[in-house]
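To keep things clear, I will list the structure first and then write my remarks on it.
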Amino acid sequence: MDIIFITIFGLAIGSFLNVCIWRVPRKLSVVSPARSFCPKCNRAISWKDNIPLLGWLLLRGKCRHCEKPISSRYPLVEVISAFLAVASYIVFGATPTAIVIYALGASLVVISFIDFDFKIIPNVISLPGIVIGLAIGVISQFSGIFDAPVSTGALDSLIGMLAGGGFFYIVGEVYYLITKRNGLGGGDIKLLGMTGAILGWKSVAPTIFVGSLLGAILGIGLMIFRGGGRQLEIPFGPWLSAGVLVYIFGDLPFFRV
């Protein structure tokens with residue numbers, strides 16, 4: 001029953017994540033209008049059609065009003081959200097650590113899909129995330145309510161933020177000096193600053209390693225099949241996010257310092 005409840009909860013939160021993915025990069029409020037609407041005809045979606053996953057399946061992926069296709073991304077985001085919620089509960093139990101991990105995972109989902117579409121990582125997510133991460137470090141130090149891989153203390157969070165964001169800042173500056181082109185966006189710097197603050201300095205190297213590896217594999221594949229050479233622009237946020245999740249749930253021995 002716990003897993004069923006958490007799955008439903010994850011699906012419901014996933015529905016809200018879809019709202020954020022659509023509205024945040026367009027600078028629209030995520031709370032007003034309260035009801036979701038079809039992006040094609042702008043008609044409000046009724047509550048029965050807005051039931052996570054089930055509504056999309058019953059409508060066969062089409063708007064009830066204009067019958068235009070509704071992207072399969074919507075149920076995908078809801079399923080990913082449910083999976084992260086269940087995984088957080090199974091791995092970390094009913095604990096504050098599980099809540100932090102799921103909240104971080106949900107934020108990374110929003111960041112990843114926005115970065116795919118717009119090649120930006122909104123400050124409205126990463127900057128508050130950095131502040132929350134530093135606060136978590138302070139709380140963890142004086143209460144001990146969080147377990148690994150969440151930050152163990154204020155200094156751990158501070159070093160994690162500086163190491164994560166600082167590393168990419170230096171890499172970006174060096175790349176610009178050599179090529180006179182921007183190779184890393186400021187969003188990537190703040191993203192790693194956020195995850196470093198929440199998870200501590202031990203998460204930085206594994207995140208960069210996995211994210212860079214996945215990004216390189218994708219980039220090479222796209223250059224082979226689509227062309228574009230080194231000028232090809234690839235959003236890095238989704239692969240950094242994948243690196244974070246591998247660090248959290250992979251439990252690979254060489255990831256644990």
Cβ contacts < 7 Å: first residue on the phi > 0 side of the Ramachandran plot, restricted to region 189-217; second residue assigned to a helix (DSSP H, G or I), any location; separation 6+ or different chain. Result? G200/D156; G200/S157; G200/G160
Some residue of region 45-55 being modelled with pLDDT under 85, touching a Leu at 6+ places or on another chain (Cβ under 7 Å), surrounded by 15 or more Cβ atoms within 10 Å (Cβ to Cβ) and charged (D, E, K, R): yes
I want to confirm something. Restricting to region 129-153 and keeping residues that are within 14 Å of G193 (Cα to Cα) and of a type in the set (G, A, S), which single residue is surrounded by the fewest Cβ atoms within 10 Å (Cβ to Cβ)? A135
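May I ask you to verify whether R60 is modelled with pLDDT of 90 or more and of a type in the set (D, E, K, R)? Before the answer, list the steps.
On the way: modelled with pLDDT of 90 or more: no; of a type in the set (D, E, K, R): yes.
Considered against the rule, which asks whether it is modelled with pLDDT of 90 or more and of a type in the set (D, E, K, R), R60 comes out as no.
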Quick one: count up the residues across region 1-41 that are within 23 Å of F116 (Cα to Cα), of a type in the set (S, T, Y) and open to solvent by 70 Å² or more (accessible area, probe 1.4 Å). 0
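Please tell me if G61 is surrounded by fewer than 16 Cβ atoms within 10 Å (Cβ to Cβ), in contact with a strand residue (DSSP E or B) (Cβ under 7 Å, 6 or more places away or on another chain) and at positive phi.
Criteria met by G61.
The values are calculated or read from the model by the stated rules, or taken from the named source; none is laboratory data. Treat the numbers as computed from the prediction; the structure is a model and nothing was measured. Note that we place each Cβ from the backbone using ideal geometry, even for glycine, and neighbour counts take in every protein chain shown. Side chains included, ligands, DNA and RNA excluded: accessible areas come from the protein's heavy atoms. Shrake-Rupley method; radii C 1.70, N 1.55, O 1.52, S 1.80 Å.
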